[in-house]
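The values are calculated or read from the model by the stated rules, or taken from the named source; none is laboratory data. All of these numbers come straight from a predicted model, not from anything done at the bench. Cβ placement follows ideal geometry from the backbone for every residue including glycine, while neighbour counts extend to all protein chains displayed.
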Amino acid sequence: MARDRGPKCKQCRREGLKLFLKGERCLTEKCAIERRSYPPGEHGRGRIKQSEYLLQLREKQKARRYYGLLETQFRNTYEKASRQGGVTGENLLRLLETRLDNVVYRLGFAASRAQARQLVRHGHFSVNGRRVNIPSFGVKPEDVVTLKGSSAAEQVIRDATDLTASVAPWLQADHEGLTGKVLKWPERAEIDTPVQEQLIVELYSK
């Protein structure tokens, strides 16, 4: 499985905000953004000319890193969103939000999306009673996500639920029974991803 092995904290510093890539560490004073809020590298504190292309590129990179996708995966998701009816940018965010690994994270069953992806890949979760080990699997309304019986990761997941402050309004979570349900498709107002999706559409539309 291809994945980004680069430093996580450096990605947050480059984008200038917390992407919550390291779980609990992001909630402490050890977070890189709290200690060094400027971009990494010897020119991190210098001035950067803000061109239209740079703004669009930064939004795309921010969204890609936020959800933990490689460039090809992100581009394919955009292409799928562009073929759907409605607003392409909102379709893109909806597809990203309803990935199984993101849903597991949003339900509070993992401390980070990277951890959620690993748990899904190792087959710890099932959807509607069927074991699914594909992180990009798209869930839909009325789908029920449950932890596999006698899972070796149960304690890890319960520890993650202790860090969860709230669950997305389009989801329903039972942290005691470790089950979750997709209530509806997420609307843009219910997605707190800190990106301007229209800039991503403009970048890929060139």
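Taken over region 156-177, the residue count meeting the criterion of being part of a loop (DSSP other than H, G, I, E, B) and among the hydrophobic types (A, V, I, L, M, F, W, C) is 5. Considered as a group, the residues in region 142-157 that are surrounded by 14 or more Cβ atoms within 10 Å (Cβ to Cβ) and of a type in the set (D, E, K, R) include one that is nearest to the chain's Cα centre (by Cα), and that residue is 143.
Scanning region 108-141 for residues that are in a loop (DSSP other than H, G, I, E, B), touching a helix residue (DSSP H, G or I) at 6+ places or on another chain (Cβ under 8 Å) and either surrounded by fewer than 21 Cβ atoms within 10 Å (Cβ to Cβ) or of a type in the set (D, E, K, R) (or both) turns up 132, 133, 134, 136, 137. The set of residues in region 152-179 being in contact with an Asp or Glu (Cβ under 7 Å, 6 or more places away or on another chain) and either under 28 Å from residue 91 (Cβ atoms) or of a type in the set (Ser, Thr, Tyr) (or both) consists of 168, 169, 170. If you go through region 158-174 and pick out every residue that is surrounded by 15 or more Cβ atoms within 10 Å (Cβ to Cβ) and at pLDDT 95 or above, you end up with 3. Checking every residue in region 68-85 against the condition of being modelled with pLDDT of 90 or more, outside any helix (DSSP H, G or I) and more than 27 Å from residue 201 (Cα to Cα) gives zero matches. Residue count for region 83-108, restricted to those that are of a type in the set (S, T, N, Q) and without any contact (Cβ under 8 Å) to a residue 60 or more places away in the chain: 3. Figure legend. Inter-residue proximity from region 44-69: first residues among the small types (Gly, Ala, Ser), second residues at pLDDT 90 or above and part of a helix (DSSP H, G or I), beta-carbon distance below 7 Å, spacing 6+ or different chains. Indicated pairs: 63/200; 68/113; 68/114; 68/117. Whether a residue is assigned to a helix (DSSP H, G or I) and among the β-branched types (Val, Ile, Thr) was assessed, and residue 201 passes this test. Given the criteria over 30 Å from residue 72 (Cβ atoms) and either touching a Pro at 6+ places or on another chain (Cβ under 7 Å) or among the polar types (S, T, N, Q) (or both), does residue 179 qualify? Judged against the criteria, residue 179 is a match. For region 115-130, the condition of being in contact with a Lys or Arg (Cβ under 9 Å, 6 or more places away or on another chain), among the polar types (S, T, N, Q) and over 23 Å from residue 84 (Cβ atoms) holds for at least one residue.
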